[in-house]
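Data first, discussion second: the structure below is written as C-alpha cells.
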Amino acid sequence: MTYEESLTYLANLTKFGINLGLARIEKLLELMDHPERKFKTIHIAGTNGKGSTTAMLASILRASGINTGMYTSPHLSAYTERMIVNGKEITPDQFGEAIAYTSRFMDKIVAQGLGHPTEFEVLTAAAFYYFAACGVEYAVIEVGLGGLLDSTNVIMPEISVITNVTLDHTDKCGNTVREIAHHKSGIIKKNVPVITGAQGEALDVIKNISQKSAAICYVYREDFSATFLEMEGECQRIMVAVGTERKAVPFLVNLLGGHQVDNCAVAVMTAMVLGKNEKRIDLSAIEKGLLTVRWPGRFEVMPGRPTVIIDGAHNPDGMRALRENLDRFCKGKNIVFLLGILQDKDVKTMVMTLIRSQDKVVVVAPMSERAGKPEIVAREIKAEHVEVASSIEEGVKRAKLLAGEDDILCVAGSLYLIGAVRKIICS
C-alpha cells in the first residue's frame, strides 16, 4: 500500500465515525501479536496541554539517550506527524506499510461480530506496530478522546498523566467536570503512579480513583509547582519545585505561553518519577529536552510582518490561556484574528473569552466535516470589525490586509484550521 493508497483507505474508514470502546482495538492488537507490549509507555490525557506535555516528555526521553516513540493526534498537515521516533516523523512509505499490515486483520474482526475498527483504532494499532518494528524502548502516548474508552487505553504504562480537566467533548465524555474527570481517570492503572495538574472537582475524582487503584498520585501545587521567571530570547525560564523540601530548579523551555509553565511542571515531575527507576533520565537530560522541544501550532510565532501567532486553542479554557498569552506577550498591539471553530464546540463562550471589542476578526470554516458555519460563528462575535471569508486561503489574505505591519495576526479555533494556515504560510 502506497502512502496515497493508505490515505484513501483511512478516508474510507471515517464512515465508521467515533465509536468509543476497547473490544475492537484489543482484538486487533491480539491478532497483531500485541506490539503495544514490546515497549514501555507513558500515557497522557487531559483537556488541554496533553500534546505539549507529550512533546516535552518525548524530548526529555530522547535527550536521555532512550530510543523514543511519540504518538499524538490530530495532525496539522500530514498523518505522518502522528508517529514519531527519536524526533523524526514516520516516512510516507513506512506509514503506508504500517497501515497495510494493520488492514490485513479487518475481516477477522468484522467476522467476530465486533464491527469494523475506526480510523483512529487503525492508526493507533499501526503506530504500536511501527514503534515495535523500530525497537522503541519508551513511547509517549497521547490520548485521542477522553481516556476510559479511548483506543490508546490498551497499554499498561509506567506512569499515567492527566494534565487538567475542563468542559470539552461533552457529547462523548459527560456534561459535568466530574463526569469528564471520570473518563480521563480511566487511564489510571493499579499500582501505576499518576501525575496531574487538575484542580477542584476533577482533582477529587482523580485522587479517589488513584486511591482505589493503589496508585500514588502527585498533584500540581501540592507535590510540585512552577513559576515563570523571565524571557530569554525566544524561550522562557521557568522555576520548578519538586518534593516535600520544594527544591527549586530553573529550566529554559523552548515553548512560549503561561500555560506552558503548568505543562513544564507536569513534564518535569513525570520525568523525575520515571527517573527513579530509569537512571538514564537525569537533570541534565531534562534540561536539554526542555530546551530543544518543538510543538508546532501551539502559540507558535511565525517570523515576518505582520507577526503571525498560530495557536491550537479549541475550547474555552484554551481560549482563556491564549488571551492571557496575547495580553502578556503582545501588550499594546492591535490584534486581527483568523478564527475557525467546530460546530460541536461552545462557540459563544469561546469567542467571548478570546475577542475584545477593539479586535478585528475574519471567520472561516476549518477543514473538517464538523466545521461550524462561519456565518453562525460570526454572529456571536462583538468586535470592531467582523467578516466571513469563503475559504481559508481567502481568510488569510483578508486578515493580512486588515493587519498593519506592526500588528498581530492570530490564528485560532481549531487544529483543523491552523494546520491548513501553517501550510499556506510556510509554502
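Residue count for region 391-414 under the criterion of being in contact with a helix residue (DSSP H, G or I) (Cβ under 9 Å, 6 or more places away or on another chain) and either assigned to a helix (DSSP H, G or I) or modelled with pLDDT under 95 (or both): the result is 5. Among all residues of region 88-100, there is none that is in a loop (DSSP other than H, G, I, E, B) and in contact (Cβ under 8 Å) with a residue 60 or more places away in the chain.
Taking region 242-262 as the range and being over 17 Å from G49 (Cα atoms) and either assigned to a helix (DSSP H, G or I) or open to solvent by 10 Å² or more (accessible area, probe 1.4 Å) (or both) as the test, the residues that pass are V242, G243, T244, E245, R246, K247, A248, V249, P250, L252. Given the criteria of a type in the set (V, I, T), in contact with a helix residue (DSSP H, G or I) (Cβ under 8 Å, 6 or more places away or on another chain), assigned to a loop (DSSP other than H, G, I, E, B) and under 19 Å from L28 (Cα atoms), does T152 qualify? Yes; evaluated as a whole, the condition is true for this residue. Of all the listed residues (L283, L290), the sole one being buried (at least 17 other Cβ atoms within 10 Å of the Cβ) and touching a strand residue (DSSP E or B) at 6+ places or on another chain (Cβ under 8 Å) is L290. Restricting attention to region 263-280, the residues that are open to solvent by less than 70 Å² (accessible area, probe 1.4 Å), out of contact with any Phe, Trp or Tyr (no Cβ under 9 Å at 6 or more places or on another chain) and farther than 13 Å from A63 by Cβ total 1. Condition test on V351, is it in contact with a Lys or Arg (Cβ under 9 Å, 6 or more places away or on another chain) and under 21 Å from G404 (Cβ atoms)? Judged against the criteria, V351 is not a match. Residues of region 101-126 that are in a helix (DSSP H, G or I) and aromatic (F, W, Y): Y101, F120. Tell me, yes or no, whether region 26-47 has at least one residue that is open to solvent by less than 50 Å² (accessible area, probe 1.4 Å), touching a Phe, Trp or Tyr at 6+ places or on another chain (Cβ under 9 Å), modelled with pLDDT under 95 and of a type outside the set (V, I, T). No. If you check I281, I238, I286 for being out of contact with any Asp or Glu (no Cβ under 8 Å at 6 or more places or on another chain), part of a loop (DSSP other than H, G, I, E, B) and not basic (K, R), only one passes: I281.
Do the conditions hold for V308, that is, is it open to solvent by 50 Å² or more (accessible area, probe 1.4 Å), in contact with a strand residue (DSSP E or B) (Cβ under 7 Å, 6 or more places away or on another chain) and within 30 Å of L401 (Cα to Cα)? Taking the combined requirement at face value, the residue does not satisfy it. Taking region 28-69 as the range and being more than 27 Å from H182 (Cα to Cα), among the polar types (S, T, N, Q) and part of a helix (DSSP H, G or I) as the test, only S59 passes. If you go through region 351-373 and pick out every residue that is open to solvent by less than 30 Å² (accessible area, probe 1.4 Å), at pLDDT 95 or above and of a type outside the set (V, I, T), you end up with 2.
The values are calculated or read from the model by the stated rules, or taken from the named source; none is laboratory data. Keep in mind that this is a model prediction, so the values were computed, not measured. Positions of Cβ are generated from backbone atoms using ideal geometry, with glycine treated the same way; all protein chains shown enter the neighbour counts. Surface accessibility is based on the protein's heavy atoms, side chains included, excluding ligands, DNA and RNA. Shrake-Rupley method; radii C 1.70, N 1.55, O 1.52, S 1.80 Å.
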